[in-house]
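Just below is one structure, and these are the notes that go with it.
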Amino acid sequence: MLHNVNHLRWKIVALLVAPLTFVMTLDRTAMAVAAPTIQNELGLSIVEMSMILTIYFWAYAIGQIPAGRAAERFGSRKVLFGTSTLWSLMMLATPLGTSFAWLFGCRLVLGGAQSADWSSSVVALKRWVPASERAKGNALLLAGLYLGPIISAPLTAWTISRFGWHAVFHGFGALGLLLGAIWWFGYRDTPAAHPLITKEEVEYIAAGQPPEHTAARGALRRCLRQWRFWIFGVQYFLLVLIQSFYTTWLPTYLMRARGLSLKAMGLYASLPWVAVFVAVFAAGAFSDWLLRKTGSVYRARTPVAVSGFLVSALALAAASRADSITAVIGLLCLSFAAVGFVQVVVWSATQDLGREFAGVMSGWTNVWGALSNVAGPMTLALVVKVTHSWGSGMIVIGAAAACGALLWLFVHPERPLLRDDVGGPPAPVETGATTDAIGTAGVSRNDARETDADAGQVSEQNG
């Protein structure tokens with residue numbers, strides 16, 4: 001057990017990392033909620049407004065891998081401070097112009113700047129949280145992400161009705177600048193460099209980290225030649241297919257397919273977001289418990305991901321066939337909660353697989369998520385248009401996502417992607433149900449034996 005430890009690592013995650021992710025989601029959602037008001041006031045066409053909304057996601061996707069690499073090279077402190085300042089300034093600048101080109105440009109820069117948030121946060125989490133607590137750390141990070149949609153829409157709508165849409169961008173932009181300044185003064189890229197940390201906590205964090213090595217050149221090129229790198233991206237694409245239903249079409253589905261009023265829809269549409277918010281905390285605690293009990297990264301990640309994919313897909317399909325609105329909402333909550341379980345495991349696995357390349361790994365994963373956020377809503381809309389059935393569209397999305405469960409059988413998060421480049425397989429470590437901290441490798445003897453057995457094959461794949 002830990003003694004004389006102030007648990008600064010959890011204060012860093014909960015009070016610095018997660019709030020920046022939360023304000024990022026506020027900024028991202030603000031334009032979508034304010035779009036009808038802005039379009040009417042400025043006389044923009046539906047095409048122009050759609051371009052303003054979608055350019056954000058293209059810039060966000062393109063910036064993922066470069067932003068991840070920057071976080072690895074220069075540290076999360078500098079990268080996240082600089083980019084949060086830039087995106088907050090873009091929020092403040094948005095109401096200053098009234099032309100299509102001005103709004104388009106502000107959203108373009110906003111998307112590019114915010115692409116650094118998640119990869120920088122993952123790198124920060126990897127450096128501050130030992131392997132035995134990584135799932136709980138990712139749960140806190142995801143909670144900040146999922147809290148945004150719960151709060152942003154009603155807060156933005158209330159602010160617009162009381163003070164106008166300009167106040168939304170000014171308020172959120174000012175909040176971002178404040179949190180960015182707090183981040184700069186409160187965060188350090190290494191735990192040992194923080195003035196408030198205790199020696200005991202530094203040693204505890206260090207004991208749960210894999211050994212650091214100098215990153216080899218051409219890491220991304222070598223990753224691109226590995227089939228597990230591609231499998232990991234595709235499985236996340238499939239996961240976000242389901243999540244994109246909740247972020248885009250859920251309100252429309254509840255009103256058009258289920259006949260809910262606008263007021264009732266507002267209540268019911270928020271319940272799945274509450275469910276996923278709660279689920280990520282449960283998932284983090286459960287995955288870390290499995291890791292302590294089994295001592296195996298594989299057993300702590302893969303079964304949770306496979307089960308989550310299957311439960312989410314089946315519950316979504318069942319919701320499309322349910323008769324009562326109570327059953328529909330209950331199944332939708334179950335489906336999205338299962339997505340939360342997979343999300344926690346996915347972002348823990350990016351650190352397991354990537355090690356010191358976690359920034360690039362998280363950027364790569366987010367690229368696939370951004371692509372799915374475009375492809376998912378379009379696919380569902382196309383199926384609904386052809387079949388005239390929302391249920392058919394939901395079943396197609398669910399069936400495709402269920403394939404992610406199969407892909408997870410080949411992910412093997414206990415085997416770092418570039419272990420050849422970082423000094424070979426990790427040393428085996430004894431772990432068990434009573435272990436307080438996972439050792440430097442964060443894997444059990446079973447995982448280490450699997451790693452040794454596969455080393456020759458992967459070395460050959462890396463050329």
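The values are calculated or read from the model by the stated rules, or taken from the named source; none is laboratory data. Owing to the predicted nature of the structure, the values given are computational and were not obtained by experimental measurement. Cβ sites come from the backbone with ideal geometry, for glycine too, and all protein chains shown count toward neighbours.
With respect to the stated conditions, TRP273 is in contact (Cβ under 8 Å) with a residue 40 or more places away in the chain and farther than 30 Å from ARG415 by Cα.
Quick check: anything in the range 232-246 in contact with a helix residue (DSSP H, G or I) (Cβ under 7 Å, 6 or more places away or on another chain) and at pLDDT below 85? The answer is no, given that none of the residues of the range 232-246 is in contact with a helix residue (DSSP H, G or I) (Cβ under 7 Å, 6 or more places away or on another chain) and at pLDDT below 85.
Please find, among SER152, SER161, the residue that is under 16 Å from ALA32 (Cβ atoms) and either surrounded by 16 or more Cβ atoms within 10 Å (Cβ to Cβ) or over 25 Å from the mean Cα position of the chain (by Cα) (or both). Give the steps one after another, and end with the answer.
Working: SER161 fails: under 16 Å from ALA32 (Cβ atoms).
When all the criteria are applied, what remains is SER152.
The listed residues are SER392, SER348, SER372, and the only one of them that is of a type in the set (Ser, Thr, Tyr) and surrounded by fewer than 21 Cβ atoms within 10 Å (Cβ to Cβ) turns out to be SER392.
Conditions tested, residue by residue: (1) more than 30 Å from ALA206 (Cβ to Cβ); (2) assigned by TED's automatic domain parsing to the domain that holds TRP364; (3) at pLDDT 90 or above.
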residue	(1), (2), (3)
ILE46	yes, no, no
ARG69	no, no, no
GLU72	no, no, no
LEU80	no, no, yes
SER88	yes, no, yes
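With respect to the conditions (1) in contact (Cβ under 8 Å) with a residue 24 or more places away in the chain; (2) in contact with a Gly (Cβ under 9 Å, 6 or more places away or on another chain), GLY97 lacks only one, and its number is (1).
For the range 164-197, a residue qualifies if it is of a type in the set (A, V, I, L, M), closer than 17 Å to VAL129 by Cα and in a helix (DSSP H, G or I), and the qualifying residues are ALA192, ALA193.
Taking the range 303-325 as the range and being not in a helix (DSSP H, G or I) and not aliphatic (A, V, I, L, M) as the test, the residues that pass are ASP323, SER324.
Where residues in the range 335-387 are without any contact (Cβ under 8 Å) to a residue 60 or more places away in the chain and of a type outside the set (S, T, N, Q), which of them is nearest to SER121 (Cα to Cα)? Walk me through it before giving the result.
Taking the range 335-387 and keeping what is without any contact (Cβ under 8 Å) to a residue 60 or more places away in the chain, we get 338, 378, 382-387.
This time we only want the ones that are of a type outside the set (S, T, N, Q), so: 338, 378, 382-386.
Numbers: ALA338: 23, MET378: 30, LEU382: 35, VAL383: 36, VAL384: 37, LYS385: 39, VAL386: 41 Å.
Of everything passing the filter in the range 335-387, ALA338 is nearest to SER121 (Cα to Cα).
Count of the range 221-250 residues, restricted to those that are surrounded by fewer than 17 Cβ atoms within 10 Å (Cβ to Cβ) and farther than 23 Å from GLY308 by Cα, is 4.
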